1. Looking at Pro243, is it surrounded by 15 or more Cβ atoms within 10 Å (Cβ to Cβ), within 24 Å of Asp407 (Cα to Cα), of a type outside the set (Gly, Ala, Ser) and under 18 Å from the mean Cα position of the chain (by Cα)?
2. State the number of residues belonging to the range 283-297 that are more than 9 Å from Thr420 (Cβ to Cβ) and more than 9 Å from the chain's Cα centre (by Cα).
3. Here is a check on your reading of the model: is Trp313 in contact with a helix residue (DSSP H, G or I) (Cβ under 8 Å, 6 or more places away or on another chain), more than 16 Å from the ligand (Cβ to nearest atom) and touching a residue at least 12 places away in the same chain (Cβ under 8 Å)?
4. Filter the range 336-368 down to residues that are of a type in the set (Val, Ile, Thr), part of a helix (DSSP H, G or I) and in contact with a helix residue (DSSP H, G or I) (Cβ under 7 Å, 6 or more places away or on another chain), then give me how many there are.
5. If you scan the range 180-196, which residues turn out to be assigned to a loop (DSSP other than H, G, I, E, B) and surrounded by 14 or more Cβ atoms within 10 Å (Cβ to Cβ)?
6. Scanning for something of a type in the set (Ser, Thr, Tyr) and closer than 21 Å to His491 by Cβ, does the range 316-331 turn up at least one residue?
7. For the range 214-237, indicate whether the set of residues that are within 16 Å of the ligand (Cβ to nearest atom), assigned to a helix (DSSP H, G or I) and of a type in the set (Asp, Glu) is non-empty.
8. Would it be correct to say that Gly276 is among the small types (Gly, Ala, Ser), away from the ligand (no atom under 14 Å from the Cβ), modelled with pLDDT of 95 or more and under 25 Å from the mean Cα position of the chain (by Cα)?
Amino acid sequence: MDTLAYAKLRTQLEELAHFSSTLALLQWDQEIYMPAKGGEPRAKLISYLSVVAHEKLLALNSGKLLTKLVQEAKKTPNTPEAIVIRDVWRSYTRERKLPTAFVQELAELTSRAQTIWAEARAKSDFSLFLPSLKRLVELKRQEATYVGYKNSPYDALLDTYEPGLTSAQIDPLFSELRDFLKPFLRKLKAAKQQPPAATRLKGKFPLREQEAFNEQLLRKVGFDFEAGRIDQSTHPFTTNFHPYDVRITTRYSETDALYALGSTIHEMGHALYEQGLPVEHFGTPLAEAVSLGIHESQSRFWENMIGKGRPFWKYFYPKLQKQFPKPYARVPFETFYRILNRVEPAFIRTEADEVTYNLHIIIRYELERGLIEGTLKAKDLPQLWKAKMKDYLGVTVKNDREGVLQDVHWSIGAIGYFPTYTLGNLYAAQFSETAKKQLPKLEAQLEKGNFTPLREWLRTHIHAHGKTFTSEALVKEITGEPLQASYFIKHLKEKYGELYEL
Ligand code: MG
């Protein structure tokens, strides 16, 4: 390896990372603190910095630096340097295909469309958002053409979020899942043994006390407050500027403490991943997450596999009862557990339970893929949305706000993103199966509030590798098998079979 050339690349990568961190900070601020009138100038600022970052990425190959390094990397393909070079080359070649004017228009449009979407959603009026969405779909189809693809233009977009994965690989997984979930959901709804209504857990939960409880939980599981913070936003998210500065958000309901806790635990899973990335490799792919699907596997692992399980709550429930004696002191543990895991088909994805959640995703996947492949039109989305919600979940969507306008993703140009949520659930279930085998005392440890062995297991097996493996290779490396839907299906059958006495 030409060490001088590699050192030069590393310096440039670190500069690029400064741009990504700055953009992430501006976007975080936009969600948390920015006043309403700041939207327009912020869109220009973000667009300007995106263009500079785009140009800097293209400049990586000036003097054929990257081209030469790619050749060198072929001699020692398994070294960390070679992994970095290959991944940077991948990003570079993708970016090189996008004209600067295109990048600028997309950045401006998405920043503006987000504000328009928020207004359309508040007014529950899809027609306000339609012109922006139409233009977005045109641009994303254009992007797919620039980037290139083998079978479906959708694959070119999916590749941004889940590198290497194609819709042809997703289809059998999602079909198996959908064909299991639809009848399984009907069985649960028809079961005699139904968990009590969630109203038993409603009460009055002052904001400050909730914040304190959420922070206490984060601290106990292992979120590093010296390297992160938690704030409030309408839609919870995690962002990071460095493994030493990871931001999460949650949202509170003053009548339901579990509303915030679910989101907090989810975002904590993302944050532990970011805080667990190897800091010495900052700026390179070795300190980046594998993919959004693997990222989501970490949030889902904590939120569902752990945070909706008995061992976790055997430790935290007494603390919750102490903090909020009304209503929890009167609710026995088993009742609490059963309500926590109540399956209830509803409109809103982000509030969906483990069973119905993936049907929400499959609907979005089918629709956005149709938009990009040109088999359906943006103007028909509200009707198609309603029909699929009725068919898959048995619910009647009353308006656009609860329907097609509920998610921010399309407004920010994130088409090809939704499938990573379900992939995350599948990865999480498969990882969980292996973790349980390799940590035979896990249940007892969780019950005692000892989260270190599990957190460290995730860190050493997943976080510490950065992008050393592709998602496909990582799953095989950890579990010995390629990704499959069967582990998640098995998890649902066992857990809900017991709960609903099927
Ligand atoms: Mg997430």
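The values are calculated or read from the model by the stated rules, or taken from the named source; none is laboratory data. Keep in mind the model is a prediction, meaning the values are calculated, not measured. Virtual Cβ from ideal backbone geometry, glycine too; neighbours counted across all protein chains shown.
1. Taking the combined requirement at face value, the residue does not satisfy it.
2. Of the residues in the range 283-297, 8 are more than 9 Å from Thr420 (Cβ to Cβ) and more than 9 Å from the chain's Cα centre (by Cα).
3. Yes.
4. Residues of the range 336-368 that are of a type in the set (Val, Ile, Thr), as a first pass: 339, 343, 348, 350, 355-356, 361-363.
Those still in the list that are part of a helix (DSSP H, G or I) too: 339, 350, 361-363.
Then keep just the ones that are in contact with a helix residue (DSSP H, G or I) (Cβ under 7 Å, 6 or more places away or on another chain); that gives 339, 361-363.
The number of residues fulfilling the criteria is 4.
5. Listed by number, the residues that qualify are Ala191, Gln194, Pro195.
6. Residues of the range 316-331 that are of a type in the set (Ser, Thr, Tyr), as a first pass: 317, 328.
Narrowing the set further to residues that are closer than 21 Å to His491 by Cβ leaves none.
Checking the range 316-331: not a single residue is of a type in the set (Ser, Thr, Tyr) and closer than 21 Å to His491 by Cβ.
7. Looking through the range 214-237, none of the residues is within 16 Å of the ligand (Cβ to nearest atom), assigned to a helix (DSSP H, G or I) and of a type in the set (Asp, Glu).
8. On the way: among the small types (Gly, Ala, Ser): yes; away from the ligand (no atom under 14 Å from the Cβ): yes; modelled with pLDDT of 95 or more: yes; under 25 Å from the mean Cα position of the chain (by Cα): yes.
Judged against the criteria, Gly276 is a match.
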